[in-house]
Amino acid sequence: MNVEFRKRLPSVQDVKAMYPVSEELAAKKAANDAELQAVFNGNSDKFVLIIGPCSADREDAVIEYISRLREVQDKVSDKIVIVPRIYTNKPRTTGIGYKGMLHQPDPNGSPDMLKGLLAIRKLHLDALKKTGFSCADEMLYPENHQYLSDLMTYVAVGARSVENQLHRLTSSGLDIPVGMKNPTSGDISVMINSITAAQAGHDFVYNGWEVKSKGNPLAHAILRGSVNKYGRSIPNYHYEDIRALCEAYAKAELQNPAVIIDTNHSNSGKQYLEQIRIAKEVIHSTHYSDDIRKLVKGLMIESYLEDGCQKPDGGVYGKSITDPCLGWEKTEKLIYELADMR
C-alpha cells in the first residue's frame, strides 16, 4: 500500500474507558431514545427537529448552542422532540479541505486523528452531561461508529454514502433510528433499496469480526433534494414529492414508513434563509393529507449561533465554517412557529 502508517489508534474499549457513560447518563440516553423511537414507530405524534451546525467545529460554541436548545425544548416538549446535530465528520465533494472535528480538532491545525477521536467522544458526552441531550451524528465512517455508539440517539447516512454496502449493513445492526438520504442524483429507488437493506438482517465482516445483524426497523428516508446534470439544485420537499414517496413506501412494503425532510442542501440550493420557508411549507403539507402527516416525522435544519458561514480562520464564534446556517434568533423563532403550526 502506498500509505504511511503513522500511529495506531486506541481500541473502542480504551476510548470508552477514558470517557465513560455513568448509569445516570445511560438512563437519560435510554429515555431520549425511547421518546424518539416512539415517533418513528407511530406511537407518538410529536414532530422531530434534527437541528444544529453543519459541522461541529469547536466544543464551547456547540455546547452553548445546545444549551440554548435545551431551554426551547422544555417549552415545546408537548409537540416537538429536538435532537441536536453534532456532526463530527464533514464529507467533502472533492475530498479536499476541512473534514471535520474527527480529522482536525483544531480547524486551523494539522490533521490529528487521535486527538480528534477523543475530542468527538468528549463533545458528545459533554452534551449529554450538560444539557441532557443525546445527539445526532452522520455515519461517514461505519468502522468508527462504535466509538460513539453509547452516546447517539440518531444517525444519518449521507447522500454519497447511501449506496455503500458497509453503511447499509452497519445500519442494519443499530438499535436507533437511521436516516438514509436520497443520493445526489435524486434517485428515490436507491434510497428505498438502502432502507430495505438496513431493515433486513445480515451476516458480514465488521471491524475484524464476523457479525450477524437483526435488522433495523427504524431505518427511514431523508429527502435532501438533488442535483441535475447541469449542476442545478432540484428540491424534493414539495407536497407532490412526499406523495410520491408515500407510494414508493407502499410498493416496497417496508416497516415504519417515515421521512425526515432536510431543509438545506439541494432543497434550499444552500440558501440557508430558505430553510424557514421550506420548514413551514412541509408542515403545511401535513395538514392536507393524513398519509403525509403520518409519513413526515420531522425536519433536518442547519443552524448555529450566528447567521451564514465563514472560512475556518474567520474567527467569529459560533459561525459555521462549512455550509451556511441559520443564526440563533431566527432558529428560536422558527421552532416556536413550527410548534404553533403543528
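The values are calculated or read from the model by the stated rules, or taken from the named source; none is laboratory data. Fair warning: this is a prediction, and the values are worked out from it, not measured in the lab. Every residue, glycine among them, receives a Cβ derived from its backbone with ideal geometry; neighbour counts consider all protein chains shown. Accessible surface is based on the protein model in full, side chains and every heavy atom, while ligands, DNA and RNA are left aside. Shrake-Rupley method; radii C 1.70, N 1.55, O 1.52, S 1.80 Å.
Some points to look at:
- Distance between the C-alpha centres of the range 224-272 and the range 81-123: 27 Å, rounded to the whole angstrom.
- For the range 214-303, size of Cβ-based charge dipole, Lys and Arg +1, Asp and Glu -1, in debye: 180 debye
- In this view, the solvent-accessible surface of K181, computed with a 1.4 Å probe and all protein chains in place, comes to about 20 Å².
- Relative packing of 264-275, 13-24, which averages over residues the other C-beta atoms within 10 Å, highest first: 264-275, 13-24
- Accessible area of the range 1-141 belonging to carbon and sulfur atoms, whole % at 1.4 Å probe: 50 percent
- Percent of alpha-carbon pairs separated by more than 24 Å within the range 56-151: 23 percent
- Put simply, the amide H of C325, placed in the peptide plane, has neighbours under 5 Å in G308, C309, S320, leaving out anything fewer than 5 places away on its chain.
- Helix-derived mean residue ellipticity, 222 nm - over the chain, DSSP H n ≥ 4, -39500 (n - 2.57), to 500: -12000 deg cm²/dmol
- Heavy-atom accessible surface of the chain, averaged per residue, reaches 45 Å², computed with a 1.4 Å probe.
- Count Lys and Arg as plus one, Asp and Glu as minus one, and take only other residues whose Cβ is under 10 Å from that of K99; the net charge is then +2.
- Long-range amide H partners of A219 with built H, under 5 Å: V178
- The range 292-332, relative contact order in percent, only Cα pairs under 8 angstrom and at least six apart counted: 39 percent
- Under the Debye formula (equal points on every Cα, no solvent term), log10 I(q)/I(0) of the chain at q = 0.11, 0.14 Å⁻¹: -0.68, -1.16
- Dipole magnitude (debye, nearest 20) for the range 87-244, charges at Cβ of Lys, Arg, Asp, Glu: 340 debye
- Using θ = phi - 60° in the Karplus curve 6.51 cos²θ - 1.76 cosθ + 1.60, the 3J(HN,Hα) couplings for the range 204-211 round to 7, 9, 9, 6, x, 10, 7, 10 Hz; x is entered for Gly and Pro.
- The charge dipole of the chain, taken about the Cα centre with unit charges on the Cβ atoms of Lys, Arg (+1) and Asp, Glu (-1), comes to about 440 debye, rounded to the nearest 20.
- Put simply, the amide H of K46, placed in the peptide plane, has no neighbours under 5 Å, leaving out anything fewer than 5 places away on its chain.
- Burial order of peptide ranges 226-239, 148-161 (average beta-carbon count within 10 Å, highest first): 148-161, 226-239
- A simple rule links phi to the HN-Hα coupling: the Karplus curve 6.51 cos²θ - 1.76 cosθ + 1.60 with θ = phi - 60°, which for the range 217-227 gives x, 9, 5, 8, 8, 10, 8, 10, x, 9, 10 Hz, with x for Gly and Pro.
- With the whole protein complex present, R243 retains an accessible surface near 70 Å², based on a 1.4 Å probe.
- Length-normalised contact order for the range 200-328 - Cα pairs under 8 Å, 6+ apart - percent: 19 percent
- Cβ crowding within 10 Å averaged over residues, with 207-216, 44-53 ranked highest first: 44-53, 207-216
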